[in-house]
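**Student:** One structure, as structure tokens, below. Some questions next.
Laboratory data are not the source of any read-out in this text; all were calculated from the coordinates shown. For clarity, every value in this text was computed on a predicted model and none was experimentally measured. Here Cβ is always computed from backbone atoms with ideal geometry, including for glycine, and neighbour counts include all displayed protein chains.
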């Protein structure tokens, strides 16, 4: 019934004051498209939009190494080039050559584009010095080449730094209606040697309006033919003692400008490697990261809360058929609707609405509904309003649920937080009654009220052996709704990073949970910080939690014996209520640009599990996936499965 009551009303708000952007210029179309070969020739980019300079996003200090970039466009594509100075080019990390992969740990340059000009829908195109690329499309998109699209990127290391060029198709982004518009842009750089992020236009402290603006950009008209993109899959194999066969279909189409439909029939979730949570003790539930492609597509359109959520996709273990429609109603308004059905057993519905009356004003509304076997019925509602005030954002929200077993419950939250990088300050008041229960969402606690607050500073150091120091402090006090003491805590964190990459972190906490007095001290060392290819780390924690002595040791290792072979290992030994161990070993070997062998071995206590897989994916055309084992089982299972996905399009 709730889906038919999806009527959202919002009021009028004052307009934001507008800051002057760093660059305000007209669109530029070159006489001839530049050659994207990684070698930047001045004659090719003559007349393009160009600028230079970077600032540290934490300290706002000018970068020690300069950068110049160029931007041009035509009716089909956007062209970007950057020269990035580095006085120590041998230190540049350019490990990835693949497209649409994580470039974490690499030296990178990123062009961010807000083609709607709203300062809320940023597309990020990241590249390194080896031609590797990473895409983040506004609104969220699954990492499927046919849906995500590809950009052409080329890079090279030079005697005085590195260069990169890119060609970005307009159609890869969610575009506004065709015609002349103003778009916004910024450029970021990550330097692995300093482990620092830099921006061309500083946007901290609520300064999003400082970024560049290009006027009279001719947004191309989208293809008038409506296309239904289909990704049917089939897999066959042997599961323990029986042969199995299964098939399903993912599909996607653009209903109109800025409005998309995504669906899945009998999705394959069993072969997606889930995140494994550590052994760390928590009084409250923890959720693993969501990695399934169906939920990744358009994920930012489905906000149903923040630290508590009415909908958490991890709750949905599977469904027979699912569909969602999401997109923009206008430049400042978006929505999402999702329905997931398991025939005869369960139906889940999510509806969201977001309106931004100003650059730093935001209204969120969401509803959810869950019905299932055994008379299960749960409905939820969420409304949130936030507004920037100087370098801070103030917010207030209300969540409510109506459950068949518990009745109606509420959760109220209000507070503020800082938007200035490197200077953290926040305050939060929360009140949740004992009947608040988002059955298909996430709420770590209920029947309490109280506050938490905290702050900290990250300080970069330009000279000497130290590169960065940081400290943070936070704490809170909470009571039951009847006034009885419930929990309180105080946490202190300090870290120091040397210019060599050595990082040392210290953490101390003290608190009380019901009748238990808790205290914990944790120390860790990592070298070099932030390098996901070659890294060593060790951490140890000791204290008393929940009335029992607590000791934890954790070891992490990442190694790259050859350019194509990546190894990683984590091990944890925990002594608390009882002794527990966890070891995770993983390996990946790149056979080709889009082909790889990978595997994972997991030991938890006396249980062992592992798998080995071959994958051909990441490019266009048919994808193959062969796996031995079950990546998410507790113990090893002798499964063998071959999955084939063949994409094709239908004109409708």
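**Student:** Sort 559-565, 586-592, 205-211 for me by packing, meaning the mean count of neighbouring Cβ atoms within 10 Å per residue, highest on top. Before the final figure, lay out the partial values.
**Tutor:** Values: 559-565: 12.0, 586-592: 14.9, 205-211: 19.4.
Per-residue Cβ counts within 10 Å, averaged per peptide and sorted highest first, yield 205-211, 586-592, 559-565.
**Student:** In nm, what is the difference between 0.36 nm times the number of residues separating residue 494 and residue 406 and their Cα-Cα distance?
**Tutor:** Stretched out fully, the residue 494 to residue 406 stretch lengthens by 27.4 nm.
**Student:** Cα centroids of the stretch 209-269 and the stretch 500-515: how far apart, whole angstrom?
**Tutor:** Going from one Cα centre to the other spans 43 Å.
**Student:** Under a point spin-label approximation (7 Å from Cα along Cα-to-Cβ), what is the residue 427-residue 461 distance to one decimal in nm?
**Tutor:** 3.3 nm
**Student:** Across all directions of projection, what mean area in square nanometres is found for the Cα convex hull of the stretch 298-446?
**Tutor:** 9.7 nm²
**Student:** Checking the a/c ratio against 1.5 first, then a/b against b/c, what shape does the Cα gyration tensor give for the stretch 539-643? Before the final figure, lay out the partial values.
**Tutor:** Values: a/c = 3.54, a/b = 1.99, b/c = 1.78.
Since a/c reaches 1.5 and a/b is larger than b/c, the shape of the stretch 539-643 is classed as prolate.
**Student:** Hey, fewest Cβ within 10 Å first, where do 449, 399 land in order?
**Tutor:** Numbers: 449 16, 399 26.
Ascending Cβ contact count within 10 Å gives the list 449, 399.
**Student:** Please state the shape class of the stretch 45-99: rounded when a/c is under 1.5, otherwise prolate if a/b exceeds b/c and oblate if not, all from the C-alpha gyration tensor.
**Tutor:** Numbers: a/c = 2.15, a/b = 1.35, b/c = 1.59.
Taking the square roots of the gyration eigenvalues as a ≥ b ≥ c, the stretch 45-99 is oblate.
**Student:** Which distance in nm do the two modelled labels at residue 307 and residue 555 give, with both placed 7 Å along the Cα-to-Cβ direction?
**Tutor:** So the two model labels end up 3.6 nm from each other.
**Student:** Can you tell me, using C-alpha contacts under 8 Å and at least 6 residues apart, the relative contact order of the chain as a whole percent?
**Tutor:** After rounding, I find 10 percent.
**Student:** Please give the Cα centre distance for the stretch 445-469 versus the stretch 75-139, rounded to the nearest Å.
**Tutor:** Using only Cα atoms to place each centre, the spacing works out to 28 Å.
**Student:** On to the next question. Calculate the spin-label point distance for residue 567 paired with residue 651, positioning each point 7 Å from the Cα along the beta-carbon direction, and give it in nanometres.
**Tutor:** Computed distance between label sites residue 651 and residue 567 equals 5.4 nm.
**Student:** Under the classification rounded if a/c is under 1.5, otherwise prolate if a/b is larger than b/c and oblate if not, where does the stretch 15-219 fall, given a ≥ b ≥ c as square roots of the Cα gyration tensor eigenvalues?
**Tutor:** In terms of gyration-tensor shape, rounded.
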